[in-house]
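Comments concern the structure below.
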Amino acid sequence: MTEHLDVLIVGAGLSGIGAAYYLQTRCRRKRYAILEARDASGGTWDLFRYPGVRSDSDMYTLGYSFRPWREPQAIAGGPAILAYLRKTAQVYGIDRQIRFGHRVRRAAWSSAEARWTVEAERTTGDVVQLTCAFLYCCGGYYDYQQGYTPDWPGVKQFTGTIVHPQHWPADLDYDGQRVVIIGSGATAVTLAPALAEQAAQVTMLQRSPTYIVTRPTRDATADQLRRRLPRRLADGLVRWRSALQSLYYYTLMRRRPALAKDNLLQLVRAQLGPDYDVATHFTPRYNPWDQRLCLAPDGDFFAAIRAGKLTVVTDHIATFTPAGIRLRSGAELAADIVVTATGLVMRLLSGVQLTVDGTPVELAQTMTYKGMMLSDVPNLAFAIGYTNASWTLKSELISRYVCRLLNYMDRHGYAQCTPRRTDQASTTAPVMDFTSGYVQRALPMMPRQGSRRPWRMYQNYLLDTLTLRLGRVNDGTLKFTRRGQRAPGRRQRGAA
């Protein structure tokens, strides 16, 4: 017989482990399982193994509120974060609910039965089928199987090694090698100083600059609060302080972009000195937070430049050569290793193919409800984080809301909840307003967002806290039905 679960969680990373904790503590009677495609937990923090991998959010907010991060480093390395996640899963018995090597391929909703039928492919190749009353997708928003690599001219004639950070070889020896990193995003800014410690020379080749800010690895104020206050009080204050601080700076930068840009560039000049060409290499063409800011803990990126171990080149690739890369300017970069830190491939819901009562769900034709559900798709939620703050702040709010929703349905005897678009005048916009390449490439395949609540996604922790923790569950937009009761009709395809 097909196994039935109350809740099925897809993904055993940061979001999935957090979701399981809240289900266990707030919906104690719910039977759940976690399906994880890979053979280990940890998600992003198990996948990425490149040198220097670390958080770009402080750990006081990236860590869970129910198990606060208490290590001295506010910015932590990947191995420490992975150990923290796995220890959390072990402490709360969540690791016993994870079924590894189960990649979810399809999920079909039946309103008549008020359940999802889920197909997962095991690493052995066989397919298993489960049913669940509620499906919670916690696999993030990018493809774990491939990163994005442009098709450059002449790349096949390069005689050195080409590697994407998402698939970093464990045995890659870069000691004494000439390394060229293509890209200027968070991964490149993280990799460059780490590789410069052993490589003969590291060059970061960028088409255009990005904003890079420095931040201490340790937070002196947080350390003082923890020394002087009771542990639980200090944990709460440190977390809220970090969350509000990031929200304040984000809001200020968006409202006064010219001032923010000047201040950010002044900080770069202070790091590199008056003779460095900041205008060419560190002055982006966009405003702060049109793309995510990159972090240099303790200024490690700039220290590598000052030490002569790291060079930044701003130019375009004309072609690869056997010995390196020729640029449009005519200059050539010799390389033994080329690292393509050129971005991610976005893949919402882990690429699961959804159908509702036999009709395929086209994500681009849906709208996001409260940033966590999809219009006309019943009993499904997905965890997603902020682009301007830590992932966990938003994913925890969503998990808490899912528990509120499940408990509300149980109290009132409902079997199905479906966000229904009733406001015909609501305009739509892309679900993310970033100009980053990986976002722009994916937008045609992504859901849309509306112009106002509850269809608009806010990058605002305070507002989301009020909405998701204190707002009404039955808000008139989320439609509830009991088992055997006919649900309101779906909107026609393309109406979103």
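The values are calculated or read from the model by the stated rules, or taken from the named source; none is laboratory data. Given the structure is predicted, the values throughout are model-derived calculations rather than measurements. No Cβ is skipped: glycine too gets one built from the backbone with ideal geometry, and neighbour counts run over all protein chains shown. Heads up: the accessible areas ignore ligands, DNA and RNA and are worked out on the full protein's heavy atoms, side chains in. Shrake-Rupley method; radii C 1.70, N 1.55, O 1.52, S 1.80 Å.
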Measuring from the longest principal axis of the C-alpha atoms of the chain, the long axis of helix 14-26 (C-alpha) lies at a number of degrees, nearest 10, equal to 30
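Relative to 2.2 N^0.38 Å, what does the C-alpha radius of gyration of segment 298-375 come to as a ratio? Two decimals please. Can you show the working numbers first?
Values: Rg = 22.2 Å, N = 78, 2.2 N^0.38 = 11.5 Å.
Output field value: 1.93.
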Computed from the beta carbon distance with a Förster radius of 51 Å, FRET efficiency for Arg218 and Met445 to the nearest 0.05 stands at 0.80
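Within 10 Å, count the other beta carbons around each residue, average over each peptide in 43-50, 315-322, and list them highest first. Provide the component values of the computation, followed by the final result.
Values: 43-50: 20.1, 315-322: 15.4.
Most protected by this proxy first, the peptides run 43-50, 315-322.
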At q = 0.11, 0.12, 0.20 1/Å the base-10 log of I(q)/I(0) from the Debye formula over the alpha-carbon atoms of segment 317-434 is -0.59, -0.65, -1.24
Across 10 Å bins beginning at 0, the whole-percent shares of Cα-Cα pair distances in the chain come to 4, 18, 28, 26, 16, 7, 1, 0
For the chain, the longest principal axis of the Cα atoms and the Cα long axis of helix 78-91 enclose an angle in degrees, to the nearest 10, of 20
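Hey, what number do you get for the chain at 222 nm if only DSSP H runs of n ≥ 4 count, each worth -39500 (n - 2.57), divided across all residues, to the nearest 500?
Details: 13 runs with 140 residues, N = 496.
So the helix-based figure for the chain works out to -8500 deg cm²/dmol.
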Mean accessible area per residue over the chain (1.4 angstrom probe, all protein chains present, square angstrom) is 45
Relative to the compact-globule estimate 2.2 N^0.38 Å (N residues), the Cα gyration radius of segment 113-233 stands at a ratio of 1.66
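Give the carbon-plus-sulfur fraction of the accessible surface of the chain in %, rounded to a whole number; probe 1.4 Å, heavy atoms of protein chains only.
On the way: 10580 of 22130 Å².
Carbon-and-sulfur percentage of accessible area, whole number: 48.
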Of 387-395, 24-32, 242-250, ordering from highest average Cβ density within 10 Å down gives 387-395, 242-250, 24-32
extent check for segment 213-300: Cα max minus min per principal axis, descending, whole Å, gives 49, 27, 17
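Using heavy-atom solvent-accessible surface (probe 1.4 Å) with all chains present, what is the largest-first order of Thr2, Thr465?
Details: Thr2 70, Thr465 20 Å².
My answer, sorted largest first, is Thr2, Thr465.
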Tilt, helix 186-196 to longest principal axis of the chain (alpha-carbon atoms), in degrees rounded to tens, equals 40
Using alpha carbon centers only, segment 1-77 is separated from segment 295-374 by a whole-angstrom value of 24
Looking only at aspartates and glutamates whose Cα falls under 14 Å of Lys370's and that sit 8 or more positions away or on another chain, we get Glu396, Asp464, Asp475
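Report for the chain the percent antiparallel among DSSP-assigned beta bridges with both residues inside it, nearest 5.
Working: 35 of 78 bridges.
Within the chain, antiparallel bridges account for around 45 percent of the total.
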